[in-house]
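The values are calculated or read from the model by the stated rules, or taken from the named source; none is laboratory data. Owing to the predicted nature of the structure, the values given are computational and were not obtained by experimental measurement. Counting neighbours? That spans all protein chains shown, and the Cβs are built from the backbone with ideal geometry, glycine included. For the accessible areas, the whole protein counts, side chains as well, though only heavy atoms, and no ligand, DNA or RNA atoms are used. Shrake-Rupley method; radii C 1.70, N 1.55, O 1.52, S 1.80 Å.
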Amino acid sequence: MAADTRRRRITLPPPPAEERRPLLSRLYTDHGDDGDQVYSCMTNPHSHLPVYTNIHRIRRDITSVVEDYLSLEQLRDVRINVTVVRPLVDQFYELEDISIIYCLLVNRAQFLVEEAHSSNRQNVNWTRATLCELIATRILRRFGEDYEGTDGLLLLAHILVAGFEPFQNAPPHIREEAEAQTSWTYQRTLPALEVAILTESKHFLSSTTCQRVVSAIYEGRIIYTPSTFWDIIPDHYKLKPISIYDPRESPLLNQYRLIVPRTRSILEAIQFAILLALYIGIMLARIKNRFTVLEAAFAIYSFGWGLDQFATILAHGWGVYTQNLWSFLDVAFILIYLVYLLLRMHGLRVGEIEPAEQAFDVLALAAPVLVPRLAFSLLSDNLVFLALRSMMADFMLLTALSAWCFFGFLLSLLWLGEGAHPLVTISKWMIYIWFGLDGTGIQRSTEFHWLLGPSLMVAFAFLGNTLFLTILVSMLSNTFSNISSNATAEIQFRRAVLTLEGVKADAVFAYQPPFNLLAVFFLLPLKFVVSPRWFHKIHVATVRLVNLPLLLVIAMAERRFFWGAGSKSESAYPRARKWFWRKWQLSAHRYLRAVFQVPPPDDVHNDIAVDDDLTHHLIRRQFTSETSAQTQVPRKPSRRDSMFPGLATKLRGSFAEGSEDYEGMAGRVASMEKSMRRMELMLSRLVPEEEAVLDDESPDEMGESSTLKEGDGFTTESSFRGQT
């Protein structure tokens, strides 16, 4: 009964007349080829939500609350949580607006941009960005707790993957001014999940509620058509709404199951295995005088595989694509393949062997890229591979800075020698000194100059081999330590990236390499000839024909294994054995769980509800009060305590939060001031002057004379000052 009163339902406004089906109808799973229009997140069914207003409301509240830099541990402190975080969560959650998560993450992105342009990295903008992520995590958790079951999962999916636009419902002149003053021209809707990935909100993405939705999307239980930046083969005649997938109500040949992230990951692993096998085959054969069938298969398949990677970049942008662990390896192989292809075609055109030899030499450089890429894809959750990407970025950054700085030493030695040694030889000596391999450069430094040559080489050895290598080791150790301390968040962040990349809207992803090349050369010109309806029909028929065996395998696997747990395919014997074991197992702790399985009656709820008025905001009052039974420091009694016992308690009680009579507050304050003046006058007559001076200087009396408590403010600066 109490749980039912707590739960609220967020409803969408009635759809316009032209919409034929409600968005949140979980029973609707149409995959047919009829002419009805299907609405999805790309058509923005939440266009009535005040996204623009919410963004600026959140910015005003966060800016006014956070006035000083606080770390994440300080933001999680109990006092900050009660006085700052929880009121903001209550305020934003009571708006009953599913776009509030998106608005919070957009503000986080802006605060991070402002923090990046500041000279001090540990500034207030970082705290504001972290607070936005923390509030978004709490609000998402509340949505997950208040809305359970299938409808709750569908609501969470709308919160995370429904597309929103930052200028939604903004005044027209604001939109025109933004288009005139900035380069913002393309109005693409972004889901909150993608904004969280772009801002690297790892705490938000690793939360249980967010991972619940990510897992449902990855397994294909939640289906939708995402918004994309640009499509190679656009087919937007039918868009899938955000809905719950049921394989028993879908057709057997369902082409949309080819773009499910779990299916895509399996297919991509098979595609890469084929690519690696073809690469090893042509490198073992290495026939240069003619273009063999194996080499032609490798060239065509690699071109189709590269087209698939290029379409992935266009779908979600370079920012999301580079968050993948092995994205830099894929880009490196594509560049090597393009250089090989150009040299190979040039050699076949001129009929010479030398360009072919150079082409195979360039292609041999792909081995250090493809072999580790296989390990990255198979062991993506390994801590070493998670840290290796960030450590490589730090290594490349410091190496580039070192090369830039030491280029001056190279020029100095070159000009000192006046051409005695070539530039390549001097560079080789300096590299050997850098890695501590050989000291030939120091031995022959007198050939440049009898004094300046050795001085430069020794200085370079000290700076390069000692200082910079020590800095490099320290940086890499710090990076690995930070990642290992947050290994779970890193793993779940990478999983969210793979899930978002796996949901595709471009029609080219429905064709496996190298059939995607035929689709581009055949369907793309057809797009400008036929109508959208007939283009969609031709595309669906082609996909089902090309992927017929694959679609049958996916349909059987989903019905038999993935969705077979609650179906008729499950035998009665395992169910009977599980029921027998749960019913008759001998355990002394069995009733610890049983007390929560049976709901309590109404009279028990009534007994519990008696204390609701007494315990309302009890924790908040406890942590905002200046003293409590646990934190009060014992002190020596003074003369004022003996003459006016309980005065301090009565004074604090008059300003208690639970008082509801505010009409006579001004009169009571005035009378209290008069009483205090009379008491001070009487005390000055009774107490000797020396003792009064000592009493006035005691810190205990100073703490008791203040009626406004230091920790009662609503800012993080004043709330945390009481603890330090």
Just subtract the alpha-carbon distance of residue 270 and residue 602 from 0.36 nm times their residue separation and send over the number in nm, one decimal. 113.7 nm
Note down the accessible area of residue 437, probe 1.4 Å, to the nearest 10 Å². 130 Å²
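What number comes out for accessible area per residue over the range 389-520 if the probe is 1.4 Å? Units Å², please. All intermediate terms of the calculation are to be shown ahead of the outcome.
Numbers: 6810 Å² over 132 residues.
Computed with neighbouring chains in place, this is 52 Å² per residue.
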Go through the range 441-454 residue by residue and turn each phi into a ³J(HN,Hα) via Karplus (6.51, -1.76, 1.60, θ = phi - 60°); whole Hz please, and just put x for glycine and proline. x, 6, 5, 9, 6, 5, 5, 7, 6, 5, 10, 6, x, x
Rounded accessible area of residue 256 (nearest 10 Å², 1.4 Å probe): 50 Å²
Largest first, how would 669, 473, 543 line up by accessible area (1.4 Å probe)? 473, 669, 543
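Report the calculated FRET efficiency for residue 384 and residue 420 (r = Cβ-Cβ distance, R0 = 45 Å), to the nearest 0.05.
Working: r = 46 Å, r/R0 = 1.03.
It comes to 0.45.
Leaving ligands and nucleic acids out of the surface, order 340, 432 by accessible area at 1.4 Å, largest first.
Result of the area sort, largest leading: 432, 340.
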Diffusion coefficient, µm² s⁻¹, Stokes-Einstein with Kirkwood Rh over alpha-carbon pairs of the range 298-421 at 20 °C and 1.002 mPa s: 121 µm²/s
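Please list 388, 370 in order of solvent-accessible area, largest first, computed with a 1.4 Å probe with all protein chains present. Walk me through the numbers on the way to the answer.
On the way: 388 65, 370 5 Å².
So, going from the largest accessible area down, we get 388, 370.
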Can you compute the modelled spin-label distance between residue 349 and residue 67, with each label point 7 Å from Cα toward Cβ, in nm? 7.0 nm
Output needed: percent of Cα pairs per 5 Å distance bin for the range 201-269, bins running from 0 to the one holding the longest distance. 3, 13, 20, 24, 21, 12, 6, 1
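Just the number, please: carbon plus sulfur as a percent of the accessible area of the range 147-239, 1.4 Å probe, no ligands or DNA/RNA counted.
Working: 1980 of 3610 Å².
The computed percentage sits at 55.
Considering only DSSP states other than H, G, I, E and B, which trypsin sites (Lys or Arg not before Pro) in the range 37-118 qualify as loop sites with at most 16 other Cβ atoms within 10 Å? Don't jump to the answer; show the numbers that get you there.
Values: sites: 57, 59, 60, 76, 79, 108; in loops: 76.
For trypsin sites (Lys or Arg not before Pro) across the range 37-118 that sit outside H, G, I, E and B with at most 16 neighbouring Cβ atoms in 10 Å, the list reads 76.
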Amide proton proximity set for residue 233, modelled H, under 5 Å, gap of 5+: 507, 508
Accessible area (Å², 1.4 Å probe, nearest 10) - residue 607: 110 Å²
Sorted from largest down, what three extents in whole angstroms do the Cα atoms of the range 360-484 have along their principal axes? 56, 40, 21
Can you work out the Karplus-derived ³J(HN,Hα) for every residue in the range 422-437? Use 6.51 cos²θ - 1.76 cosθ + 1.60 with θ = phi - 60°, whole Hz, and x for glycine or proline. x, 5, 5, 5, 5, 5, 5, 4, 5, 5, 5, 5, 4, 8, x, 8
Ordering 241-251, 265-275, 477-487, 674-684 by per-residue average of other C-beta atoms within 10 angstrom, highest first, gives 241-251, 265-275, 477-487, 674-684
Extended-chain gain in nm, criterion 0.36 nm per residue less alpha-carbon gap, residue 148 and residue 393: 84.0 nm
Scattering curve values for the range 193-313, log₁₀ I(q)/I(0), Debye with Cα scatterers, q = 0.17, 0.18 Å⁻¹: -1.05, -1.11
Starting from the 7 Å offset along Cα-to-Cβ, what nm value, one decimal, do you get for the label separation of residue 470 and residue 482? 2.2 nm
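Counting other Cβ atoms within 10 Å, which GluC sites (Glu not before Pro) in the range 86-148 have at most 12 and lie in a DSSP loop? Walk me through the intermediate numbers first.
Numbers: sites: 94, 96, 114, 115, 133, 145, 148; in loops: 94, 96, 148.
Sites meeting the loop and neighbour criteria: 94, 96, 148.
Would you mind calculating the gained length between residue 440 and residue 371 on full extension (0.36 nm times residue separation, minus the Cα-Cα distance), in nm to one decimal? Let's see the in-between values first.
Details: separation 69, 0.36 × 69 = 24.84 nm, distance 3.56 nm.
Between residue 440 and residue 371, full extension yields an extra 21.3 nm.
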Neighbours of residue 520 by Cβ distance under 14 Å: Lys/Arg at +1, Asp/Glu at -1, summed charge -3
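What FRET efficiency would be calculated for the residue pair residue 515, residue 411, taking the C-beta separation as r and a Förster radius of 51 Å, to the nearest 0.05? Mind showing how you got there, number by number?
Numbers: r = 54 Å, r/R0 = 1.06.
Plugging the Cβ-Cβ distance into 1/(1 + (r/R0)^6) gives 0.40.
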